[in-house]
């Protein structure tokens, strides 16, 4: 009887301890995404033709390439999964869609982020039936 009572009291303590450790680990492992990132390596930050993504702390983001805004929207990061809700023109995604210049529509993209380091990360993104990988470098 004493063993059962002791097990009954100890089990919730272990559950709380494990949950606290898991929460602390996730909080510390969170990727600080706020800031500007260039697609490519560190030299891409200085190349004006490189695509750049700027993630603001208020949950909004902008994408630009060659000095032109290509998309704007909202982002949410949970663990290593990035959700992007954006407005953009199909003309920014492929040369064959140039007739759509000036037309805008809603897009949703999901990305998995991995190999995070202070100055860069890698991602695999899925949008409109297409899967694509990219390296991102944090710009100063």
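FYI, it's all coordinate maths here, none of it is from the lab. Here the structure is a predicted model, which means the values were calculated and not measured. Here the Cβ is made from the backbone with ideal geometry for all residues, glycine too, and neighbour counts use every protein chain on show.
Once the C-beta distance of residue 79 and residue 47 is scaled by a Förster radius of 30 Å, the resulting FRET efficiency is 0.45 to the nearest 0.05.
The stretch between residue 108 and residue 65 holds 13.6 nm of extra length on full extension. This uses 0.36 nm per residue minus the Cα-Cα distance. Label-to-label distance for residue 131 and residue 87 is 3.2 nm, based on points extended 7 Å past Cα in the beta-carbon direction.
Spin-label pair residue 57-residue 115: with each label point 7 Å from Cα along the Cα-Cβ axis, the two points sit 3.0 nm from one another.
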